[in-house]
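Below is one structure, written out as structure tokens; comments come after it.
The values are calculated or read from the model by the stated rules, or taken from the named source; none is laboratory data. Only a predicted model underlies this, so the values are computations on that prediction, with no experimental measurement involved. Heads up, the Cβs are rebuilt from the backbone with ideal geometry, glycines too, and the neighbour counts pull from every protein chain shown. Accessible surface is based on the protein model in full, side chains and every heavy atom, while ligands, DNA and RNA are left aside. Shrake-Rupley method; radii C 1.70, N 1.55, O 1.52, S 1.80 Å.
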Amino acid sequence: MKLVLVRHGQSEWNLSNQFTGWEDVKLSENGVNEATKAGQLLKETGIQFDVLFTSVLQRAIKTGHIILEETGQLWIPEVKSWRLNERHYGALQGLNKKETAEKYGDEKVHQWRRSYDVLPPLLENDDERSPKNDRRYAHLQKKVIPQGENLKTTLERVIPFWEDQIAPAILDHKTVLVAAHGNSLRALIKYLEQISDDDIMGVEIPTGVPLVYDLDEDLNVTDKYFLK
């Protein structure tokens with residue numbers, strides 16, 4: 001059984017070195033090219049997908065669509081969920097990473113970005129950037145909508161979606177494509193590979209590069225490889 005994870009192609013804010021999180025930014029021109037190449041690489045493998053899981057943010061959705069278009073599989077069912085969104089960077093969202101490091105110090109910003117359980121500065125409820133004001137999250141209880149997350153809290157919202165949606169599809173012998181984000185995918189990878197809290201900090205997911213997992217009947221990883 002196969003599971004393919006793909007981090008979205010480069011976004012416009014990746015390019016401008018801004019904290020992105022739940023901000024719904026577009027793919028850059030290079031990001032479109034990365035997604036196209038990912039689709040071409042997957043086409044060469046002959047993998048036939050049965051379902052696409054993605055977030056509710058356009059950079060991930062479009063990456064998934066480009067991949068499926070390149071592989072001639074744009075017709076397959078897809079499921080969008082906020083639980084696959086990128087980590088919410090709180091009040092850091094939209095800020096330039098270099099300028100933020102100059103203001104708060106490299107060590108503090110590194111801690112906000114890379115530690116497993118340290119939260120960034122949180123958004124205020126009346127902040128116009130709050131996802132509580134976004135129609136795509138109107139169906140959710142206000143208390144579950146984050147005002148800022150670390151990898152630990154990101155994992156806590158991603159894994160229920162794995163257990164309720166993705167894992168059952170794989171156990172039904174469906175080949176799954178997940179087009180999502182650096183931190184939501186790191187949460188999945190941590191869970192799948194049983195990576196420690198410390199070691200997950202060193203795991204990087206490149207944009208637009210498919211990561212293929214072979215899984216056994218108990219969803220244990222038997223093989224993994226990047227397509228390049």
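Below is a table of values for the structure above.
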read-out	value
Matching entry among GLU34, GLU23, GLU44, GLU69 (being assigned to a helix (DSSP H, G or I) and either farther than 30 Å from GLU217 by Cα or among the aromatic types (Phe, Trp, Tyr) (or both))	GLU34
Count of the range 156-170 residues which are free of Cβ contacts under 8 Å to residues at least 60 places away in the same chain and under 19 Å from LEU215 (Cβ atoms)	6
Those residues of the range 95-144 which are more than 19 Å from the chain's Cα centre (by Cα), open to solvent by 90 Å² or more (accessible area, probe 1.4 Å) and among the acidic types (Asp, Glu), in sequence order	GLU99, GLU102, ASP106, GLU107, GLU124, ASP126, GLU128
Selection count, the range 171-228, where residues are in contact (Cβ under 8 Å) with a residue 12 or more places away in the chain, polar (S, T, N, Q) and touching a strand residue (DSSP E or B) at 6+ places or on another chain (Cβ under 7 Å)	2
Contacts under 6 angstrom Cβ, first residue in the range 1-17 being without any contact (Cβ under 8 Å) to a residue 24 or more places away in the chain, partner open to solvent by 50 Å² or more (accessible area, probe 1.4 Å), 6 or more apart	GLU12/LYS26
Selection count where residues are surrounded by 22 or more Cβ atoms within 10 Å (Cβ to Cβ), closer than 17 Å to LEU122 by Cα and not β-branched (Val, Ile, Thr), scope the range 20-29	2
GLU149 vs. criteria within 16 Å of TYR116 (Cα to Cα), among the acidic types (Asp, Glu) and surrounded by 15 or more Cβ atoms within 10 Å (Cβ to Cβ)	yes
Selection count, the range 166-221, where residues are buried (at least 17 other Cβ atoms within 10 Å of the Cβ) and among the aromatic types (Phe, Trp, Tyr)	1
Of residues in the range 152-191 being of a type outside the set (Val, Ile, Thr) and outside any helix (DSSP H, G or I), the one nearest to ASP117 (Cα to Cα)	HIS181
Given (1) open to solvent by 10 Å² or more (accessible area, probe 1.4 Å); (2) among the charged types (D, E, K, R); (3) within 21 Å of the chain's Cα centre (by Cα), index of the condition ARG87 fails	(1)
Close pairs from the range 78-106: first more than 21 Å from ALA180 (Cβ to Cβ), partner of a type in the set (Phe, Trp, Tyr) and open to solvent by less than 50 Å² (accessible area, probe 1.4 Å), Cβ under 6 Å, at least 6 apart	LEU95/PHE19
